[in-house]
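Below: one structure in structure tokens.
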Amino acid sequence: MITRLFSAILATTLLTTFAPAFARAQSKPEVKAAPMLKRDDVFTPGKIWSIHLRIGAKDYPAMNPKGGGMFGFPFPKKDDVPPKKDEKNANADTHKSKAFGMEFPWVKGDLEFEDAVVKEIGIRYKGNSTYKSSENHPKRPLKLDINHFHSEQKLHGLSGLSLGNNIMDQTRLRETLAYSLFHSVKLPAPRTAFAKVHLTVPDKYDRTYIGLYTLIEPVDKPFLREHFKNDNGMLLKPERVQGIMYLGDNWTAYNDKYNPKREPTDAQKKRFIEFAKLVNTADDATFKAKIGDYLDVDGFLRYAAVNSLLVNIDSFFGLGHNYFLYLHPKTKQFHFIPWDMDLAFGGFFFAGPDQIDWSIAKPYTGNNKLTERVLAIGIYKDAYRGYLKTLTEKAFNAKIMMDKIEKLEAVVKDAIAKEPPSPSKGFGFGPPGGMGKQDLRNFIAKRTDSVIAQLDGKSQGKELAGMNFGKGPPGGFGKGPFGFGPGQQLAKPVMEQADTDKNGKLSRDEFRLAAGRLFKAAGGDGKTPVSHKELVETLERILPPPPGFGGFKPPPPPKGFGPAKGIVGAMFKVLGSDPSQKVSRDEFLAGAEKLFKQWDKDNTGTIDERRLMEAINQVMPPPQFGPGPGPFQPKKDAPRLP
């Protein structure tokens, strides 16, 4: 009896003591053991890894982002939207994109990385234009957070992975090649590898191969320790701010724009504000004397030289994002770290063909006080030009780059060939001349020639005006020559339709004739007036549509809100006409003549393609910040003016 009682007490004690621990152990994610790899082994450019993601049937649609918009318009709603917050599988854990304003929910999923299996990691989509360009296809850009739900969980020493879908790059090589150039000048920059990604979602995908991704090294604590020998400094990832702007002495004004990855100390906040104040308000002598105290100037010059060669406008030097800024806790200097290189090699849509001759004297768009003032100092300018010369001789020249391209093409060829077809043909992507393999080679050869000619004093290159940050509505188009905007894409097809004598210029009579043909196509004649809406809809049918990215067609702007609205609206404005009222043929032609006179600034009686491009940019309503579509190419079956 006593024995049985003792046994019962012992059993109860054991259960009471160890059951909670046993339950906790059971709740931990299952991890399948695999040989531990070093970080260096994971990020090997010539390596293709196999990744398999398992996501629940309810979690998969819950990943779709909410909100956001581009070019001033909200994104169209999709049928497959995230569940409402009051639903069981709702996920309030989201990441908000500061560029397009999309909110990306995190969900739980399982990861197989070769033979290693990690349960319950965090998975979400990422990106801005890359996401919108691929949202109708399973191959969307991904962020994997290994320790999102379990703080101690890692894979091969990594707490997270970034998977770029290369939707804007048919070669799949731009990120890898671009980062390798930063490495060639000993700059801290992420490393890459490739990954064939498979997806399983119950009743939807069963270990389905969705495509080849670029695996990008995260800029995290191990990265900082490797490159800066510490990880205690302030790490910023700026968004929607061009250059280093002085916004006053209150950190609140900087926080949302410069996005610290963890809460900075008061001393770190003060240091950044002092840096911004020096850049924007100090006289030249003070700036020259003190900039080296705040900035790793030599590293910045190398960073600028590589970015200039790559014509990477989607960066600190253009749109004011896609980089990290690290404040070293010992030296108190700021260091630039590149990020998101998929639009390098002249891939930014609105900049047009002039990118290939981008001025090395002004390797930034719009206003960038830091770069302007640093390069105005003679010794820094000479060092910058020296780095450009060395790069063209030893890293960025046709022979070296072509060898790299051929080797990487051999690595990715089969993986690309096995990718599933896109659900939409789209209309291609990206200047100059698309993003095909041969175009990448051509770009490198021509850009090298351009930079060498500029270094030798045989060419001045071409400046790019960029976006109007901090002037007017957010993200307005750049004004003046070489400004970004729809003009880069529309001027050529408009000229092709209206230039009847094919001399490359529009005369007043040709412009008036084109306006008359548009009026007639909208259903008007000498007696029948037409409305603003009818003219806009007619011009929309005639102008080429926005292209897709890498074969995927992006959502079009809402009907009546494209470039046609800006052009027709400009005519109504010079007439003083109410858009709600119809106009007669004579009124419309009078408006065309007045508009032509405005656009013909030099009073030559003609408008060339360059001036037409600038004029279209000026009449278009400024978009919200965010990358835009690639160059417009007329459809083979596009209607023409009668």
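Pairs needed: first member in segment 601-616, hydrophobic (A, V, I, L, M, F, W, C); second member anywhere, open to solvent by 30 Å² or more (accessible area, probe 1.4 Å) and in a strand (DSSP E or B); C-beta distance under 9 Å; at least 6 residues apart or different chains.
ILE607/LYS505; ILE607/SER507
If you don't mind, another one. Given the conditions (1) buried (at least 23 other Cβ atoms within 10 Å of the Cβ); (2) within 30 Å of ASP231 (Cα to Cα); (3) at pLDDT 95 or above, report the number of the one that ILE313 does not fulfil.
Every listed condition holds for ILE313 apart from (3).
Oh, and also: Would you pick out the residues in segment 272-291 that are part of a helix (DSSP H, G or I) and either open to solvent by less than 30 Å² (accessible area, probe 1.4 Å) or farther than 22 Å from ILE377 by Cβ (or both)? Please lay out each step first, then the result.
Quick first cut of segment 272-291, residues part of a helix (DSSP H, G or I) only: 272-281, 284-291.
Matches in segment 272-291: PHE272, ILE273, PHE275, ALA276, LEU278, VAL279, PHE287, ILE291.
Name the residues in segment 471-505 that are within 17 Å of ASN617 (Cα to Cα), open to solvent by less than 40 Å² (accessible area, probe 1.4 Å) and either assigned to a loop (DSSP other than H, G, I, E, B) or at pLDDT below 70 (or both), would you?
Filtering segment 471-505 for residues within 17 Å of ASN617 (Cα to Cα) gives 471-495.
Within this subset, residues satisfying the condition of being open to solvent by less than 40 Å² (accessible area, probe 1.4 Å) are 475-478, 480, 483-491, 493-495.
Those that are within 17 Å of ASN617 (Cα to Cα), open to solvent by less than 40 Å² (accessible area, probe 1.4 Å) and either assigned to a loop (DSSP other than H, G, I, E, B) or at pLDDT below 70 (or both): GLY475, GLY476, PHE477, GLY478, GLY480, GLY483, PHE484, GLY485, PRO486, GLY487, GLN488, GLN489.
Here is a list of conditions, (1) surrounded by fewer than 19 Cβ atoms within 10 Å (Cβ to Cβ); (2) of a type in the set (Lys, Arg); (3) touching a helix residue (DSSP H, G or I) at 6+ places or on another chain (Cβ under 8 Å), and ARG262 meets all of them except one; can you say which number that is?
Among (1) surrounded by fewer than 19 Cβ atoms within 10 Å (Cβ to Cβ); (2) of a type in the set (Lys, Arg); (3) touching a helix residue (DSSP H, G or I) at 6+ places or on another chain (Cβ under 8 Å), ARG262 violates only (3).
From the list ARG508, ARG611, pick out the single residue that is surrounded by fewer than 21 Cβ atoms within 10 Å (Cβ to Cβ), closer than 30 Å to ASP439 by Cβ and at pLDDT 80 or above.
On the way: ARG508 fails: closer than 30 Å to ASP439 by Cβ.
Criteria check complete, one pass: ARG611.
Run down LYS269, LYS229 and say which single residue is over 27 Å from the mean Cα position of the chain (by Cα), more than 17 Å from SER159 (Cβ to Cβ) and open to solvent by less than 60 Å² (accessible area, probe 1.4 Å).
On the way: LYS229 fails: open to solvent by less than 60 Å² (accessible area, probe 1.4 Å).
Sole residue among the options that is over 27 Å from the mean Cα position of the chain (by Cα), more than 17 Å from SER159 (Cβ to Cβ) and open to solvent by less than 60 Å² (accessible area, probe 1.4 Å): LYS269.
For a quick check of your reading of the model, give me the residue pairs whose first member lies in segment 128-151 and is touching a residue at least 12 places away in the same chain (Cβ under 8 Å), whose second is part of a helix (DSSP H, G or I) and open to solvent by 10 Å² or more (accessible area, probe 1.4 Å), with beta-carbon atoms closer than 7 Å and at least 6 apart or on different chains.
Partner pairs satisfying both residue conditions: PRO141/THR130.
A further question follows. Out of segment 215-241, which residues are in a loop (DSSP other than H, G, I, E, B) and either farther than 30 Å from HIS52 by Cα or charged (D, E, K, R) (or both)? If you could, list the steps in order and put the result at the bottom.
Restricting attention to segment 215-241, the residues satisfying the condition of being in a loop (DSSP other than H, G, I, E, B) are 217-220, 229-233, 237-241.
Listed by number, the residues that qualify are GLU217, ASP220, LYS229, ASN230, ASP231, ASN232, GLY233, LYS237, PRO238, GLU239, ARG240, VAL241.
Yes/no matrix, rows are residues, columns are (1) part of a loop (DSSP other than H, G, I, E, B); (2) open to solvent by less than 10 Å² (accessible area, probe 1.4 Å); (3) over 29 Å from HIS335 (Cα atoms):
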residue	(1), (2), (3)
VAL117	no, no, yes
ARG140	yes, no, yes
ASP169	yes, yes, no
ARG172	yes, no, no
PRO190	yes, yes, no
ALA195	no, yes, yes
ASP203	yes, no, yes
TYR213	no, yes, no
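The values are calculated or read from the model by the stated rules, or taken from the named source; none is laboratory data. Everything numeric here is computed off the predicted structure, so don't read it as measured data. Quick reminder, even Gly has a Cβ in these numbers, built from the backbone with ideal geometry, and neighbours come from all protein chains shown. The area values use the complete protein model at the heavy-atom level, side chains included, leaving out ligands, DNA and RNA. Shrake-Rupley method; radii C 1.70, N 1.55, O 1.52, S 1.80 Å.
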